[in-house]
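These notes are about the structure you will find just below.
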Amino acid sequence: MRYAETGYNLEIDLTTGSIERVETDPKQTELHLGGLGTSVKIHWDRVGPEVKAFDAENLLIFSTGLLCGTPAVSANRTLVSFISPQTDILAYPMMGGFWSSELKYAGYDKVIIRGKSPRLVYLWIHNDEVEIRDATHLRGQGAIATQELIREELNEPKAQVAAIGLAGENRVFVASIEQARSSSSRGGGGAVMGDKGLKAIAVRGTKDVNLARGAEFMLHVQDLKKFIKHRNENPIQEVMPILSGIGSPQMMKHIDEKWHTESFAWGNARQRRKDFWTEEVEKSWTKSQTSAIKRFISCFNCPQQCGALICHEGVPPYMMKCFSKLTYAMAAYVDDLDFSWKICKKAFEYGLDSFSTPQILAFAVELHEAGIFTDADFEGCPTDKEGRFFWLLDRVARREGIGDYLADGTYWAAKRIGKGAEAFDHNTTKKHEQMNIKLGMLDPLYFLMFATNEKISITQIEGNWPQAPFVTKEARESFVADWPQLPDEKFKKYFLDWEPRGEFSNPYYPTPEISSEIVDWMEMLHNIDDALGLCAGMGSFCFKPPYHIHNYPKFISSATGMAVDEEALKKIVNRNRNLHRAFNNRRGMSRADEKPPQDHWKHRFPELEEQLLTTYYAFKGWNYDGIPTRPRLHELDLDYVADDLEKRGILKGGEDKKDDQDNQG
Amino acid sequence: MAKIKKTIKTIKVDADKCNGCRACEVVCSAFHAEPKYSSVNPARSRIQVVVHRLQDIWLPVFAGEYTPAECMGRDKYVIDGKEYDECGFCRAACPSRTMFKDPDSGLPIKCDMCESDPPLSEPKCVEACLNNVLIYQERVEEVEEQTGQAELQTGLEALVDKHGLQKLLDAFALMAERSKDF
Ligand code: SF4
Ligand code: SF4
Ligand code: SF4
């Protein structure tokens, strides 16, 4: 019997219409756990570097995590992975909601999709019955509307549906996949789904998920719930309210947005408005938010309520979570929060990433102002800020006129437009739009995370370590006093020593060595969450979270029966990360690509930055170019990867040892 | 029949607070798994959360009695402008629907208030709901004595309805025959 996982994947070939239920090898679970880990292994084995996003051979994998469907709190992530049309490397946006647990109960760990359907279809998975169904009548339907229409059509109110909207059908590079109150947004999964002619995947499951040592597992769940209760009742005192709790940022609950609106940049990630949050704004936003939010909602098996049902006058009800509340308003320079409730509904129906899209629209406005886009390009566009954004949003989703350029994201649009447009593509890393933040002094931790992480999206890399040093020593001391989540006591000292000014401040402190350790720890947590299917808001992406390195192994071991301790777990996710990196290296990614957005910080330190990269690479066991070395790959039982990289000339036999030593020195 | 003191157990459902997380379904199914906590399957849960998200409907319903025949008519409620499903509030395992039936055997399931030995301080779903939607209350009342036979009979009636009396009698005969061999 298989525990925690079902032991079966669904293999769908949309070209031939074949549907197979394939038993998986338990050895892969031991090596890679599940979720992103086992998905990366499948991509490595089956998707060569020559395959492009819109090739039939590009695999689109919908994966549960190892703990999804078990009683582990917040184990509800669906990880969608594919070669991204925007970045040309592996994207793996995940979504919360209710889909992955349902897939487990239907008896599958992953749905692996290849090929392309000649007509628009959707997939209906109901336990052992799996059907490819016609979706031509759903063409052009919104991503939210589609979910409801499919549930009605199937007469299955309990089916969970992940769907794309018009943007996905039109292969917009920033198209998302929407499901319940969540979406899988970054990197254009919706475009790949649309390219494959797949409108949606509906799933309903009524089978068991087994636990190896269930009684013990439930004790761990109880401990965790106790901690969650305690943590909800005792928010962290030393940080501002929006960062003080657990779960995804509680932006549906908190109205006070002083921090986001004043510290983050407006427009095309340009301008900070340091005196935005006035009493008047607070009053108007309070009224807007309290009247728009009808109910707070959670994901599967989670007590937090990061999402909300939005019922704003004149807008059909829909659900929202987190940062989308601000991205469109800030990019459009609109101060009225009502605008957010209206435009998000439209954007979610189109199925568009709420991080990238607003920046793309703001980029278009800038190009118009600079005369690169002409008045003829903007013909018919309203002149008010709100109307202009709605108009641009329509163009992008439909790929109409200038929308056809914009639909490829700022990087590719700038390239195609030319005429100096490249200068306006200032906020991308590896061709992907980044958080709208512009700061003064280089931060060594964030430099490393922006530059090197496979995720290319900072909110899913950072997390447990505060974003800035605390001003007073007292605050630092009280923060570290109760910090059992740390992997090692030495991190306390790092934090105590870290100061806003002087010798022990950015950019030289944390030192490159310490920065590597901190970044490595935060990335590791994300890699664990992504393998287990846990919400980052309960582990890797908040301060002092319920899940941490000391209790993950208990959940894994009692759920699966595998003996996994902290060391073993670290090794597994290290293996996953190195395989993942090698996969991207094989597609051409290397040191030259590892850069933060050029103007993220005003004060840059080229020499230090080189030293940071080199130190971090050495720490990870990568060579000067950021490629995992043979010794590191060997240590992680990835010799076949070293062989492959050598065969392709990406790793040069023998040389890497030398590089490695150079790095150490 | 003699009067005895009986503890009436109530779970008050404050549906307005429900956020639809289904933690109650998860834990109920795990608690009632054989052996206890060996598996999870919300479809086997004795509490089901009826959800129509965009209509703002999140309604936890507990599994009640089995009924061999559906009602003559179906009820449909509209409350606060929200239209609930047909039979939306009904707790019965009824031939008209799949709710509250074991997904494999089709046999009815029923909330037993997590009866166990030693007794729990509160039912599992109540404990699992961190949003205070499910509130457990106990009170003592005098009622007429019943025998455990009643419960057995309900179960058997359900089996008779599903398989027919003859098949069941055959099965009993076979079982009796087998038990002789031991
Ligand atoms: S913490 Fe929030 S985002 Fe995470 S699982 Fe819970 S409800 Fe979903
Ligand atoms: S009281 Fe117990 S048996 Fe009844 S629904 Fe709740 S958990 Fe299930
Ligand atoms: S656990 Fe509570 S909040 Fe969650 S679905 Fe059940 S009743 Fe609703």
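The values are calculated or read from the model by the stated rules, or taken from the named source; none is laboratory data. These figures come from a predicted structure and were not determined experimentally. Backbone-built Cβ (ideal geometry, glycine too); neighbour counts: all protein chains shown. Just the protein is used for accessible areas: all its heavy atoms, side chains included, with ligands, DNA and RNA removed. Shrake-Rupley method; radii C 1.70, N 1.55, O 1.52, S 1.80 Å.
Spot the failing condition for B:D75; the list is (1) free of Cβ contacts under 8 Å to residues at least 60 places away in the same chain; (2) within 14 Å of ligand 2 (Cβ to nearest atom), and only one is missed. Answer for B:D75: the failing condition is (2).
Within region A:294-314, count every residue that is closer than 17 Å to B:K17 by Cβ, open to solvent by 30 Å² or more (accessible area, probe 1.4 Å) and either out of contact with any Cys (no Cβ under 6 Å at 6 or more places or on another chain) or more than 7 Å from every other protein chain (Cβ to nearest Cβ) (or both).
1
Within region A:598-624, residues that are on the phi > 0 side of the Ramachandran plot have Cβ atoms under 6 Å from residues that are modelled with pLDDT of 95 or more and open to solvent by 10 Å² or more (accessible area, probe 1.4 Å) in these pairs: A:G621/A:R632, counting only partners at least 6 apart in sequence or on another chain. Considered as a group, the residues in region A:71-94 that are away from ligand 3 (no atom under 16 Å from the Cβ) and within 25 Å of A:H220 (Cβ to Cβ) include one that is farthest from the other protein chains (Cβ to nearest Cβ), and that residue is A:L79.
Can you find, within region A:302-327, the residue that is farthest from B:E127 (Cα to Cα) among those that are polar (S, T, N, Q) and more than 8 Å from ligand 1 (Cβ to nearest atom)?
Here the answer is A:T327.
Return only the number of the condition from (1) part of a helix (DSSP H, G or I); (2) more than 14 Å from chain A (Cβ to nearest Cβ) that B:R139 does not satisfy. Among (1) part of a helix (DSSP H, G or I); (2) more than 14 Å from chain A (Cβ to nearest Cβ), B:R139 violates only (1).
Every residue in region B:41-51 that is under 19 Å from A:T6 (Cα atoms) and within 14 Å of ligand 3 (Cβ to nearest atom), please. Matches in region B:41-51: B:P42 only. Those strands (runs of 3 or more DSSP E) of region A:56-117 in which at least 1 residues are of a type outside the set (S, T, N, Q) and open to solvent by 10 Å² or more (accessible area, probe 1.4 Å), considering only elements entirely within it, cover A:110-114.
When you look at A:R295, is it under 27 Å from the mean Cα position of the chain (by Cα) and more than 30 Å from B:D14 (Cα to Cα), yes or no? Quick ask: steps written out before the conclusion?
Details: under 27 Å from the mean Cα position of the chain (by Cα): yes; more than 30 Å from B:D14 (Cα to Cα): no.
No: the conditions fail for A:R295.
Does A:E262 qualify as being part of a helix (DSSP H, G or I) and in contact with a strand residue (DSSP E or B) (Cβ under 9 Å, 6 or more places away or on another chain)? Yes: the conditions hold for A:E262.
Within region A:498-517, can you find the residues that are in a helix (DSSP H, G or I) and open to solvent by 40 Å² or more (accessible area, probe 1.4 Å)? It would help to see each step written out before you state the result.
From region A:498-517, those in a helix (DSSP H, G or I) are A:512-517; that's our starting set.
Answer for region A:498-517, where residues must be in a helix (DSSP H, G or I) and open to solvent by 40 Å² or more (accessible area, probe 1.4 Å): just A:E513.
When region A:395-431 is examined, which residues are found to be free of Cβ contacts under 8 Å to residues at least 12 places away in the same chain and not small (G, A, S)? A:R395, A:E400, A:D404, A:K415, A:R416, A:E422, listed by residue number.
Does A:A362 satisfy the condition of being among the hydrophobic types (A, V, I, L, M, F, W, C) and open to solvent by 30 Å² or more (accessible area, probe 1.4 Å)? Show your work before the answer.
Details: among the hydrophobic types (A, V, I, L, M, F, W, C): yes; open to solvent by 30 Å² or more (accessible area, probe 1.4 Å): no.
No.
Considering only residues that are within 16 Å of ligand 1 (Cβ to nearest atom) and open to solvent by 30 Å² or more (accessible area, probe 1.4 Å), look in region B:12-52 and name the one that is farthest from B:A93 (Cα to Cα). It comes out as B:K17.
Please verify whether region B:62-70 includes one or more residues that are among the β-branched types (V, I, T) and more than 16 Å from ligand 2 (Cβ to nearest atom).
Our first condition is that a residue be among the β-branched types (V, I, T); within region B:62-70, this holds for B:67.
Now narrow it down to the ones that are more than 16 Å from ligand 2 (Cβ to nearest atom): B:67.
Yes; the residues of region B:62-70 include at least one that is among the β-branched types (V, I, T) and more than 16 Å from ligand 2 (Cβ to nearest atom).
Of (1) assigned to a loop (DSSP other than H, G, I, E, B); (2) within 14 Å of chain B (Cβ to nearest Cβ), A:H254 satisfies all except one. Which? Against the list (1) assigned to a loop (DSSP other than H, G, I, E, B); (2) within 14 Å of chain B (Cβ to nearest Cβ), A:H254 comes up short only on (2). Note on region B:1-33: residues that are within 14 Å of ligand 2 (Cβ to nearest atom) and among the acidic types (D, E) total 1. In region A:118-128, the qualifying residues are those that are assigned to a loop (DSSP other than H, G, I, E, B) and away from chain B (no Cβ under 14 Å), and the one that is least open to solvent (accessible area, probe 1.4 Å) is A:L120.
B:D16 fulfils the conditions (1) under 22 Å from A:M218 (Cα atoms); (2) assigned to a helix (DSSP H, G or I) except for a single criterion, (1).
Quick one: would you say A:A167 is touching a Phe, Trp or Tyr at 6+ places or on another chain (Cβ under 7 Å), of a type in the set (G, A, S), crowded, with 24+ Cβ neighbours inside 10 Å and in a helix (DSSP H, G or I)? Yes: the conditions hold for A:A167. Scan region B:12-41 for residues that are within 7 Å of chain A (Cβ to nearest Cβ) and among the aromatic types (F, W, Y) and the total you get is 1.
Condition check for A:K225 on (1) touching a residue at least 40 places away in the same chain (Cβ under 8 Å); (2) open to solvent by 20 Å² or more (accessible area, probe 1.4 Å); (3) closer than 28 Å to A:L309 by Cβ; (4) part of a loop (DSSP other than H, G, I, E, B): one failure, at (4). Scanning region B:111-123 for residues that are within 14 Å of chain A (Cβ to nearest Cβ) and open to solvent by 20 Å² or more (accessible area, probe 1.4 Å), we see that the one that is farthest from ligand 1 (Cβ to nearest atom) is B:S116.
Those residues that are among the polar types (S, T, N, Q) and either in contact (Cβ under 8 Å) with a residue 24 or more places away in the chain or within 7 Å of another protein chain (Cβ to nearest Cβ) (or both), I need them from region A:209-222; list them, please.
Going through region A:209-222, the residues among the polar types (S, T, N, Q) turn out to be A:210, A:222.
Correct list: A:N210 only.
Restricting to region B:55-91, name every residue that is open to solvent by 40 Å² or more (accessible area, probe 1.4 Å) and within 14 Å of chain A (Cβ to nearest Cβ). Within region B:55-91, B:Q55, B:D80, B:G81, B:E83, B:D85, B:E86 qualify.
Where in region A:542-642 are there helices (runs of 4 or more DSSP H), lying fully within it, with 1 or more residues that are under 29 Å from A:S244 (Cα atoms) and not assigned by TED's automatic domain parsing to the domain that holds A:A75? If you could, list the steps in order and put the result at the bottom.
Working: elements: A:552-560, A:566-586, A:606-620, A:630-635.
Because the criterion is at least 1 residues that are under 29 Å from A:S244 (Cα atoms) and not assigned by TED's automatic domain parsing to the domain that holds A:A75, the helices (runs of 4 or more DSSP H) in region A:542-642 that meet it are A:552-560, A:566-586.
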